[in-house]
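First comes the structure, then the notes that go with it.
Please treat every number below as a calculation from the coordinates, not as lab data. Note that the structure is a prediction, hence the values are computed from the model and not measured. Note that we place each Cβ from the backbone using ideal geometry, even for glycine, and neighbour counts take in every protein chain shown.
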Amino acid sequence: MNFSSVYIEDEIAETERVIDILARVGDIPRIKIERYGEIFNRAGQNFRLQKQAPALILAKKHGKKVLPAPEGYGFEQGSGFYFSHMLNCLYDCRYCFLQGMYRSAHYILFTNYEDFMHDILEQSAQAAGNVFYSGYDCDSLAMEPVSGFCNSFIPFFANRPEMTLEIRTKSTQVRKLLEFDPLPNCVVAMSFTPEAAAKRWEHRVPAITKRLLAMRKLQQAGWPVAIRFEPVIAEPEVENNYARLFQQVFSTLNGELMHSVSLGEFRLPTDFHKKMVKLYPEEGLLARETICSDGMVSLAGGGAEMMQAIESRLLTHVDSSRYYRCA
């Protein structure tokens with residue numbers, strides 16, 4: 001992975017983790033800053049242009065680090081929590097809500113992992129939910145060779161079997177996970193769309209076959225794996241496309257050993273959608289007729305009938321007890 005430059009907050013510049021990360025990113029311009037917001041939140045940025053040559057920002061996360069999962073998110077259906085050690089993603093999926101959420105396409109890596117762990121423990125002690133999701137504002141594994149996320153968080157959760165970690169990813173960077181003994185309380189969840197959709201909208205994402213092979217290695221090593229068929233996007237032949245994808249997935253992975261499987265339709269907050277349309281006015285996906293309800297945008301032509309048809313196909317491959325619909 002290549003970065004145009006790296007910005008480092010003064011407060012963390014001399015910490016061991018930052019020094020290790022800087023050794024991994026190579027000889028690129030290094031700029032000291034006081035706070036990441038100076039770069040990430042400044043006005044007049046263009047997400048689309050920055051995505052062509054993004055920088056890495058090393059920062060300390062202040063304030064709340066563990067938040068309630070959005071309603072209907074994850075296999076706990078919103079009763080869990082999420083944390084983001086990174087903001088933004090190495091991949092460039094045209095449907096991704098991050099393009100509408102942030103002004104900047106630069107990658108922020110919050111390096112104060114121990115503070116995240118402290119807040120996870122605090123949240124676990126205060127609330128009934130013990131499921132923690134990583135990968136909502138980023139791809140949890142895509143930057144693993146730089147971030148060292150697994151080296152820190154896998155041992156942390158290994159010592160706390162009462163908690164569950166879900167790592168959401170599209171990455172094939174599973175080598176570090178395979179160096180650890182599998183954890184029954186750590187679920188690796190991979191997101192998939194059919195091949196036609198992936199080729200059209202999932203730029204820089206590893207091929208479906210490569211991601212499935214990575215998941216098979218994890219499953220064969222004893223790791224709990226999960227599949228997230230998200231986002232489901234209405235298009236011609238969508239049912240047949242998903243039928244082929246299901247066949248490909250479940251001929252590679254053992255559905256009986258799957259932790260969970262989900263479907264989730266394409267939906268975006270209205271404000272995010274408007275920003276994305278301005279960024280990519282030529283993108284047909286974002287120019288489609290939409291339906292707005294409760295501040296969310298979905299595509300016309302989808303809806304309950306489409307989802308039910310795809311769901312019926314999916315449930316021929318996996319037991320309903322392992323399935324949930326992502327809201």
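Once you place label points 7 Å from the Cα toward the Cβ at Lys274 and Arg288, how far apart are they in nm?
It is 2.2 nm.
Assign unit charges at the C-beta atoms only (+1 for Lys and Arg, -1 for Asp and Glu), then state the dipole size of the chain relative to its Cα centre in Debye, rounded to the nearest 20.
Working: 36 positive and 39 negative charges, 154 e Å.
Magnitude of the dipole: close to 740 debye.
Can you give the FRET efficiency for Ile31 and Leu315, using 1/(1 + (r/R0)^6), R0 = 45 Å, r = Cβ-Cβ distance, to the nearest 0.05? Intermediate results must be reported in sequence, preceding the final value.
Values: r = 52 Å, r/R0 = 1.16.
With R0 = 45 Å, the Cβ-Cβ based efficiency is 0.30.
Computed FRET efficiency, Cβ-Cβ of Arg103 and Ser152, R0 41 Å: what is it to the nearest 0.05?
On the way: r = 29 Å, r/R0 = 0.70.
So the FRET efficiency works out to roughly 0.90.
For the chain, with the dipole built from +1 on Lys and Arg beta-carbon atoms and -1 on Asp and Glu ones, taken about the Cα centre, which of Met258, Ser4, Leu87 lies farthest toward the positive end?
Farthest towards the positive end: Ser4.
Find how many whole Å separate the alpha carbon centroid of the stretch 57-112 from the alpha carbon centroid of the stretch 252-306.
When both Cα centres are located, 18 Å separates them.
Eight or more residues apart or on different chains, and alpha-carbon atoms under 17 Å: count the Lys pairs in the chain matching that.
The result is 10.
Could you check the spin-label model distance between Ala125 and Leu67? Points 7 Å from the Cα along Cα→Cβ, value in nm.
With each label placed 7 Å out from Cα toward Cβ, I get 2.4 nm.
List the Cys residues of the chain that have no partner Cys with a C-beta closer than 4.7 Å.
Cys89, Cys138, Cys150, Cys186, Cys292, Cys326
Against the globular-protein guess of 2.2 N^0.38 Å, express the Cα radius of gyration of the chain as a ratio, rounded to two decimals.
So the Cα radius of gyration is 0.98 times the expected 2.2 N^0.38 Å.
Among 236-246, 134-144, how do they line up from the highest to the lowest mean number of other beta-carbon atoms within 10 Å?
Values: 236-246: 16.6, 134-144: 23.2.
Descending packing order for the listed peptides: 134-144, 236-246.
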